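S.K.: Take a look at the following structure, please.
None of the figures in this text is laboratory data; all of them are computed from the coordinates on show. This one's a predicted model, so the numbers in the text were calculated from it and none came from an experiment. Ideal geometry is used to build each Cβ from the backbone, glycine not excepted, and the neighbour counts take in all protein chains shown.
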Amino acid sequence: MATYFLPLGPYSSSDTMRFQVLFFLLLLACMYLTLAQGSYENCCLRHVTGLKKSIKRNVVRYRIQETDGGCNIKAVVFILKKGKTICANPSHKWVKHLRTVVDKTPGNEGM
């Protein structure tokens, strides 16, 4: 029984190693981009400057967005009665006041 080996051609082992490293780095880059895309689903990308009184009355709860993970800005995310979300700057005075109002509303226990 004869054993046949496929010739590697003009490629040296260092060329093969270089290709493997480049392929591995490309694979890592693709995985990173895939994970980064999915992380922005629930992140605020900008803040509103203010809200009308009628909209403020429709706020039922809020959550705090930190800059850890995939989110790159701090925000208070107000959730309205119909589920719509509004992002606000947590350092603004009106945002702090609205958080206090929401916290004091019956049924809301410190969001």
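S.K.: Mind checking the dipole of segment 53-104: about its Cα centre, +1 per Lys or Arg Cβ, -1 per Asp or Glu Cβ, Debye to the nearest 20?
M.R.: Working: 13 positive and 3 negative charges, 90 e Å.
In debye, rounded to 20, segment 53-104 gives about 440.
S.K.: Once the Cβ-Cβ distance between LYS84 and ILE64 is put in as r, and R0 is 30 Å, what FRET efficiency do you end up with, to the nearest 0.05? Don't skip to the end; give the middle numbers.
M.R.: Values: r = 18 Å, r/R0 = 0.60.
It comes out at approximately 0.95.
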